[in-house]
Amino acid sequence: MSTASAEYPFIAKKLFIGSGFRIFGFVLTRLIQVVQIFIFARLFTPHDIGTATLAGSCIAIASVFANFGFFPCIIRDRENNAPFINTAFLLSAVIGLGVFFAVWVSAPYIEYIVAADLCTYLRFLAIMVLSIPMRFPIVFWEKELRFGQPAAALCVQSLAQLVVSIIVELVFRTGIWSLLIGNVAGFLISCCYVWLYAMHRPSIQWHTASAKKIMRFGTPFMLQGINSEAMMRGDNLMVGVYAGTPSLAYYNFAWQLPMLIAAFMNTLDAMLFPVYAQLNESREGIQKLFNFTSKLWSIAGSFIGCFILVYADTLVLFLYGSHWAPVIPLLRIMTVSFIVRFCSGYAYDNLALVRGRTPYLMKWGVINTLLIFSLGLYMIKKCGPEGGAWFWVVQAVVLIPLIRLPLIYQELRSLAFVKHVWQPVLCGVGAGLCGFFLNQREGTPLSIERLVSIAFYSAAYGVLLVLIDRSFVADIKKIIKLVRE
C-alpha cells in the first residue's frame, strides 16, 4: 500500500474533525455578516457604504503585497524548520511595513485618480496592512488541519466589526468613520486573538536559503494575488469612479450575497489544500478527490445560484429594504457568473498550488487583469453597474474553457469531472422553473405563498437530483460512513 493510501484515513479523520469546527465557525460568521448587512443597510446611506467600499478596495489590493503567499508556501513545504518559518515571518513584517508607508505616501495620488475624498480614510485603514504579520500564526493551525481557531478568529473579527460600528454610529453619528473604525477595530481584535492563542509564535530570523525558496514560490503567488484583487476590486474602483459611490453601494450589495456563498465554498476548498498536498504523489487519489469536490461545488452552486435567480427580489427586500431595489437586477446578473464558476471545476487552484504551478496562475491572472481593465472598463463606462455585472458573466464564459480546463487536463490527464457536474446544473434549472412559476404572486418577502414556493423549489431540486444522478445517494452514504469512522 502506498504512503498516500496509508495516510488517507488519518488525514480524513483530522479533516472531518477540523471541518466541524470550521463549518460551525463559518455559519456563525456568515450569520453575523447577514445581520451586519441587515443593520448597515438601514443605518448608513448608500454614499457612506459606497465610500467605505471604495477605500476598502484600495487597501485590499495593497494588502496582497504583505500577504505574499506565505501561507501556501509554509503549508506546501514538508520540512518547515525554524529558520524557514522565522524568515517568512521577518519577510512578512518587512513587506507589511513597506506597504504601510507606500499607502501613506500614495494616498493623495489615489484620491486624485479616483476623484473621491479618500486620502484620510486610506491612511487610517493602512493600520490593517501594518498588522497583517500579527495573523501569521494562523498558518500553523491550517497546516495541522486544526480549523477551529482560525474560524474563531474570523468570528471574533466579524462580531467586533459589527458591534464597534454600531456603537460608534449610534453614539457619535460619524457615518463613514463608523464603518472604517469598525473595520480596523475588528481586524486588530482578531490579530490579538490569533497571537494570544497561537500554537507557535515565530521570531525574527534571517536565513538566506529559506528566503530564496520563499521568494521563488511567493513572488508568482503574490502577482497572482494582485491580479485576483484587481479582478475582485478593480470593478469596484471603476464603478465608484464612473457611476458614483451610491451606485457602487448598490453594486457592492449585489455582490455580497453571491460572495457570502462563495466564501463558504472557498472555506471548504482551502481546508482541502493540505489534503491535496498529502496526496501529491498519487495522481489517482488527487483525481478522485477533485472529481468528488467538483460534484459538491456543482450541487451547491446550482442549488444556491438558481435559488437566488428566482428569489432575488425576496432576498433584497427582506435583507436590505425597499430603497435598495436597484440591487435586484444586478444580483441576478452576478448570480449567473456565480453558477458558471462553481459548476466548472472550481477546485482547480488546489491542483495548481500543490504542483507548484503558481506561474500558470500568474499568467491567468495577468490575462484577467488586462481583460477587466479593457473590456470591463469599456462595459462599465457604457452601462454603469450593469456593465460591470455582465462583464463577470462574459469573463467566466470565455476564459474558463481557455484557461481553467486546460490546466485541469494537464494535471489530471482527464476532464472526467465534467461527468459529475451536469446533473446538478440540470436539477437547478428544473427546480428554478418550478419556483419561478410559483413565485409570480405579489406579496411580502415572508408571505405564505413565498415560503411555499421556496419549500417546493428545495424539494424539487432534491427529488430531481436523486432521480437524475443515481450515484448521489451512494456518495452520501460513503460520506456518512466516513464521518462515523
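For the range 413-453, the candidate set comprises residues that are under 30 Å from Gly365 (Cβ atoms) and touching a Leu at 6+ places or on another chain (Cβ under 7 Å); within that set, the residue that is modelled with the highest pLDDT is Pro424. Filtering the range 341-367 to residues that are assigned to a helix (DSSP H, G or I) and either small (Gly, Ala, Ser) or at pLDDT 80 or above (or both) leaves Arg341, Phe342, Tyr348, Ala352, Gly365, Ile367. Any idea which of Val129, Val99, Val114 is over 29 Å from Asn266 (Cα atoms) and of a type in the set (A, V, I, L, M)? Only one candidate qualifies: Val114. When Arg78, Arg42, Arg22 are checked against the criterion of being part of a helix (DSSP H, G or I), at pLDDT below 90 and of a type in the set (Lys, Arg), a single residue qualifies: Arg22. Would a scan of the range 460-472 turn up a residue that is under 25 Å from the mean Cα position of the chain (by Cα), small (Gly, Ala, Ser) and at pLDDT 90 or above? Looking for residues that are under 25 Å from the mean Cα position of the chain (by Cα), small (Gly, Ala, Ser) and at pLDDT 90 or above, one finds none in the range 460-472, hence no. Would you check if there is a residue in the range 216-233 being at pLDDT below 90, in contact with a Lys or Arg (Cβ under 8 Å, 6 or more places away or on another chain) and assigned to a helix (DSSP H, G or I)? There is at least one residue in the range 216-233 that is at pLDDT below 90, in contact with a Lys or Arg (Cβ under 8 Å, 6 or more places away or on another chain) and assigned to a helix (DSSP H, G or I). Scanning the range 302-328 for residues that are within 22 Å of the chain's Cα centre (by Cα), of a type outside the set (A, V, I, L, M, F, W, C) and part of a helix (DSSP H, G or I) yields Ser302, Gly305.
Does the range 216-226 contain any residue that is over 22 Å from Val129 (Cα atoms), outside the structural domain of Tyr346 (by TED's automatic domain parsing) and among the basic types (Lys, Arg)? Within the range 216-226, one or more residues are over 22 Å from Val129 (Cα atoms), outside the structural domain of Tyr346 (by TED's automatic domain parsing) and among the basic types (Lys, Arg). Among the criteria (1) over 22 Å from the mean Cα position of the chain (by Cα); (2) buried (at least 18 other Cβ atoms within 10 Å of the Cβ), the one Pro108 does not fulfil is (2). Of the numbered criteria (1) surrounded by 15 or more Cβ atoms within 10 Å (Cβ to Cβ); (2) of a type in the set (A, V, I, L, M); (3) out of contact with any Pro (no Cβ under 9 Å at 6 or more places or on another chain), the one Ala88 fails is (3).
The values are calculated or read from the model by the stated rules, or taken from the named source; none is laboratory data. Worth saying up front: this structure is predicted, and the values here are computed from it rather than measured. Methodologically, a virtual Cβ is constructed for each residue, glycine included, from the backbone with ideal geometry; neighbour enumeration extends over all protein chains shown.
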